[in-house]
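Report on one structure; see the data block that follows.
The values are calculated or read from the model by the stated rules, or taken from the named source; none is laboratory data. These numbers come from a predicted model, not from an experiment. Cβ coordinates were reconstructed from backbone atoms using ideal geometry, including for glycine residues, and neighbour counts include every protein chain displayed. All accessible areas refer to the heavy atoms of the entire protein, side chains included, with ligands and DNA or RNA removed. Shrake-Rupley method; radii C 1.70, N 1.55, O 1.52, S 1.80 Å.
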Amino acid sequence: MTDLDQRITSVLREHTEDAVDIDRLTARAVAGGRRRLRRRRSVLGGGLALVALLGGLAVVPGLPGVDRPFTGPAVGSGPVPPVMRAEPGAAAAPEAVGTDTGVLHFGVDTTRARYLRWETWRDVESIRLDVGGGRIVTVELARSAESLRQYTAEGVPFDVSVFAEEAAFDGSTSGLTVDGLTIRVRQWKPVPGLYARASTSGQPDTALTTAVEALRLNEARRCGAPVRPTSLPDGARVVGCRVDVSGFPRLVTARFVITGPVTQEMAVSYRYAAEASTSTAGANMEINGRPARLYAAYGRIELLGLPKAHLLAEYGWPHNGFDERDAALVLGGVQVAPDPTRPETWD
């Protein structure tokens, strides 16, 4: 077993008590990656030709999510990203989308949909929604079709990028099959300079329609989480924020990606689970007087003693460039909510 195999196995064993068949997992991952790479290459050539042939964009009547008033959260709808009233929404300032990883320039009507996850990654903003009856839809916004072609939110097959060509943002719905699962994708331009994509798997078009109608592009929200990094190494910045509340209140996760001025990258991950225990066992260092554990061989540090939660800074593979001191600096400045099950305490 290679060093890479050992590291993958170690990570997987943190989430399971069973033996990990690394050979089988690796073979399936490689096969899937090759299949997606072939599909991506074939589409790139054909997609560019299609843009040249059509020579323009279809005009879509109506601006979904633009002209509807803000509706407050429904009772029992779960956590929502905090409103930022001083920030413009995507409809008023499409040029602001994807410029600040701490801000989502759109939201949803929580009387029609429930937030499961919100995420910002470089120049893309996305929300994962339950639109009723367990129907799950992911909506992504960006300032260019190219940004959506290069990126898809977690849980969405990368294959949806095949549709992200300029001429495809005409409001129509396309379909494809990925590993036997039907994926439905709708793309449109809500306002000039703004590109939107909604996707769902194994659901009828009505799920997409409900999600699109629930969008609110006239508001901005913060990528709020139970944790927030406040100390960064010199020249570093946060380029990604993801918060998952699909299991709330029993499970809440958050993840931040930090990059340096050259090629450095670090990930800060937080996981609260109601069934987890609180422990300081295994501490081999302190950060600002708090117990922590350094996993030198894996390039990560965990801050211990958090009630029912794990907070880690990972600077080793597949990340690079930062070191133990940088990770300790980041963890030492992370603000943690006293009660993750009370979103009003999230800073």
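Where in the stretch 264-307 are there strands (runs of 3 or more DSSP E), lying wholly inside it, with at least 1 residues that are at negative phi and touching a His at 6+ places or on another chain (Cβ under 7 Å)? Step through it out loud before you land on a result.
Working: elements: 265-273, 285-287, 290-295, 300-303.
Where strands (runs of 3 or more DSSP E) fall fully within the stretch 264-307 and carry at least 1 residues being at negative phi and touching a His at 6+ places or on another chain (Cβ under 7 Å), they are 265-273, 300-303.
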**Item:** Those strands (runs of 3 or more DSSP E) lying entirely in the stretch 179-259 with at least 1 residues of a type in the set (Ser, Thr, Tyr) and open to solvent by less than 50 Å² (accessible area, probe 1.4 Å)
**Value:** 195-201, 251-259
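Which of the residues spanning the stretch 235-251 are over 14 Å from Glu119 (Cα atoms) and touching a residue at least 12 places away in the same chain (Cβ under 8 Å)?
Our first condition is that a residue be over 14 Å from Glu119 (Cα atoms); within the stretch 235-251, this holds for 235-237, 247-251.
Within the stretch 235-251, Gly235, Ala236, Arg237, Phe248, Pro249, Arg250, Leu251 qualify.
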**Asked** Mind checking which residues of the stretch 83-136 are closer than 19 Å to Ile258 by Cβ and either of a type in the set (Val, Ile, Thr) or open to solvent by 60 Å² or more (accessible area, probe 1.4 Å) (or both)?
**Response** Thr99, Asp100, Thr101, Val103, Thr120, Trp121, Arg122, Val124
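How many of the residues in the stretch 286-313 are open to solvent by less than 50 Å² (accessible area, probe 1.4 Å) and either within 22 Å of Cys241 (Cα to Cα) or without any contact (Cβ under 8 Å) to a residue 40 or more places away in the chain (or both)?
Within the stretch 286-313, the first condition is being open to solvent by less than 50 Å² (accessible area, probe 1.4 Å), and the residues that meet it are 287, 291-292, 294, 299-306, 309, 311-313.
Those still in the list that are either within 22 Å of Cys241 (Cα to Cα) or without any contact (Cβ under 8 Å) to a residue 40 or more places away in the chain (or both) too: 291-292, 294, 299-306, 309, 311-313.
Final tally of qualifying residues: 15.
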